[in-house]
Each structure stands twice: as structure tokens, then as C-alpha cells.
Amino acid sequence: MSEIKTIGIAGCGTMGAGIAIVAARAGFRTVVYDTRQDALDRALKQTKDFLAKSVQRGKLTEEQAAASVNNFVLTTSLSDMGSCDLVIDAVFEDLRVKHDLFGKLNEVCPPHTIFASNTSTLSITEIAAGSGRDDRFVGMHFCLPAQLMKLVEMSPGLNTSEETLAKAWTACEALGQKPVKTKDNPGFILNYFLVPFNNDAIRMVEAGVAEPADIDRAIKEGLGYPMGPLELLDLVGLDTQLLLCEAMYGITNEPRTACPPLVKRMIAAGHLGRKSGRGFYTYQGNAMFGS
Ligand SMILES: NC(=O)c1ccc[n+]([C@@H]2O[C@H](COP(=O)([O-])OP(=O)(O)OC[C@H]3O[C@@H](n4cnc5c(N)ncnc54)[C@H](O)[C@@H]3O)[C@@H](O)[C@H]2O)c1
């Protein structure tokens, strides 16, 4: 176990809930903070459901699942983050929201606490600049769904100390994850490929080149990917894809990262993907009905 004993997760939506499962399952005391009680309630239910399935599949014992749940502290009070050795931000992809969060965390957390951001596209150096401790700040980008995917892109900002990166790296391995080092670069490694690639798939749907299910099938059968780009977009959320595109296009001006108009129309219609029951596909429970 690393010298980090308590991990805080700020924001428990799509990503934060998964990262919290990873931390609690690995034996860390896990403080999960969100401004919304309903988000905490949903995360706890998702956690229990996920752990119950892990027991059914023989991945965990009943005792390990119960111990994981016991590691959770769920809170709407920011001051509870003061007991954390590492805080991972998974709040909205908005620089002002993240600056506001880290400015407040800097007041309640002791000096040794390392701050990390799970941002997909914002600059680690820019987020760190509003944290009051940019030497103890690092990018830790988990992949969706975090409780299943092992990759974490570790990105030092310009002022991140080597000691901070080393401690966060050790904690990442103690979480059972596989860290990979990247520069503080828009999209790091994964989204540098994925954002334009997924946009190309959306533009194919817009242009009527093929149906979503046929595009996904072609990519899965032709490239051996476990998921097609439109299935993945439904999992990520179309609203999140818009934010990713806006952030990446704003920094790079790369045309393939600009958000296709169809995304905004789908968001306006409430077709956000799995979370709203309809995106490129429709969903009932966990089942997908292809078009
Ligand atoms: N969705 C993805 O596929 C994905 C993948 C990797 C990384 N990320 C990154 O993870 C972060 C979160 O994305 P998400 O998709 O989980 O978002 P989300 O909208 O699903 O969840 C965000 C959560 O943060 C909470 N929140 C917002 N402001 C807060 C604050 N000031 N304090 C505490 N809680 C607050 C919200 O109530 C919500 O529960 C973003 O930085 C995003 O770029 C997302």
C-alpha cells in the first residue's frame, strides 16, 4: 500500500462514481464529495450493484465486497475532504468550476495532500494554477468505465514536482491501475485519437453514409475494437462529447475536433446516450436496441 491512505473523489457523476469504486475496492478509505445528494445516492447504489455482480462472477468474495462498501464516506460537505492524502477531481469539465473547487480544497486540505484532475481536455498546468499548490498537482485521467478499464494517463503540469508525480504514480499502481505518462497535451494520448475519430463517425451518420449499427460493426469487425464509436459515444454521453470538442477545438483549432452539428441537435432533443435512455441507440435498463 502507498503512503496515501485516504483518497477523495470530488464529483461523483459518470467518472467519479467509477473512480470511487476503484479506490474503495483497492482498500483505500474513500471520501466521495458531490454538491448533489442524489448523485451520491445514485453512486452508492451503482457501487453496490457493481460489487454484487463482481461477487456473482467470482471476482470478489462477499467479505471483500462488504469491506469495499465500508471504505466509503459519502458527503456533501467539502470540509470532509480535509482528511484526504490525494484528491481526484471529477467535477464538470469547466476551468472555472475546477478553479473554484481546488481553491476551496486548498483551504481545507493539509499541505501534503496531492491534488489530481481527471480532466479529459483541459490543461493540467492551467487547472493547477488556480489550486494554490501547483507543485503538488498532477493529471490522472481514468477511462470510462473506470471500475473496468485499467489505463490512467498521468500528466505532470509545468510546475508539478517529481516527488508528486512519483507519489501519485505509486498510488495509481496501488489502485490496481496501469499508469502511462503523457505530456500536458490537449486530449493526452487517448482523446487525441478518440475525439476526432468519434467525430468522423458522427459525420458519417450526418452524411447518411451508413447506419450507426453498421458503422460500429465495421469498426469492431475490421479493427478488432471491443466497441464501435457510436456505442462508445452513447456511453460517454453526447453532452460530454460537446464539452470535449469545445475544449479541444478551442485549444487546437483542428477542424476534426470541432463538434458536428448533429451533436447539438441530439442534446437539444434530450438524446444524450445511455444516461437519458436514447442516443444513437435506444436503451431499456442495460439493454441496447440498435437502429
Ligand atoms: N465521461 C467520460 O467519458 C470521461 C472520461 C474521462 C474523464 N472525464 C472527465 O471527468 C470529469 C467528470 O466528467 P463526468 O462525465 O463524470 O461528468 P458528470 O457530469 O457525469 O459528473 C460531474 C459530477 O460533478 C458534480 N459537481 C459539479 N460541480 C461540483 C463541485 N463544484 N463540487 C462537487 N461536485 C460537483 C456534479 O453534481 C456531478 O455529479 C470531467 O473533467 C471529464 O472531462 C470524463
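A few notes on this one:
- Angle in degrees between helix 95-108 and the longest Cα principal axis of the chain, rounded to the nearest 10: 20
- Projecting the Cα atoms of TRP169, ALA269, LEU223 onto the charge dipole of region 167-291, computed from C-beta unit charges around the Cα centre, puts TRP169 farthest toward the positive end.
- Full extension of the chain between LYS181 and ALA218 gives 10.2 nm of extra length, using 0.36 nm per residue less the Cα-Cα distance.
- For ILE202, ILE251, order by how many other beta-carbon atoms lie within 10 Å, fewest first: ILE251, ILE202
- Spatial extent of region 146-291: Rg and Dmax, with the Cα atoms as the point set, Å: 17.1, 52
- Share, in percent, of DSSP beta bridges within the chain that are antiparallel, nearest 5: 30
- Where only DSSP H runs of four or more residues are counted, the chain gives -14500 deg cm²/dmol as its mean residue ellipticity at 222 nm, each run worth -39500 (n - 2.57).
- Of all the options ASP49, ASP234, ASP85, the one that moves most in a Gaussian network model of the chain with Cα springs shorter than 10 angstrom is ASP49.
- Length added when fully stretched, MET149-ARG36, from 0.36 nm per residue minus Cα-Cα: 38.1 nm
- Extending 7 Å from the Cα toward the beta-carbon at both ALA207 and HIS112 defines two label points whose distance is 5.7 nm.
- Isolated cysteines of the chain, defined as having no other cysteine beta carbon under 4.7 Å away, are CYS12, CYS84, CYS109, CYS143, CYS172.
- Packing-based order for 155-161, 176-182, using average beta carbon neighbours within 10 Å, highest first: 155-161, 176-182
- Ordered by the number of other Cβ atoms lying within 10 Å of each residue's own Cβ, fewest first, VAL32, VAL108, VAL195 fall into the sequence VAL108, VAL195, VAL32.
- Between the helical axis of 14-25 and the longest alpha-carbon principal axis of the chain there is an angle of about 40 degrees.
- Summed over all non-identical Cα pairs, the Kirkwood treatment of the chain gives a radius of 19.6 Å.
- Trypsin sites (Lys or Arg not before Pro) within region 83-157, DSSP loop, no more than 12 other Cβ atoms inside 10 Å: none
- For PRO196, the shell of other residues with beta-carbons less than 13 Å away shows a net charge of 0, using +1 for Lys and Arg and -1 for Asp and Glu.
No lab work stands behind these numbers, since they all come straight from the coordinates. What you see is a predicted model; the values in this text were computed from it and never measured. Every residue, glycine as well, gets a Cβ built from its backbone with ideal geometry; the counts of neighbours run over all protein chains shown.
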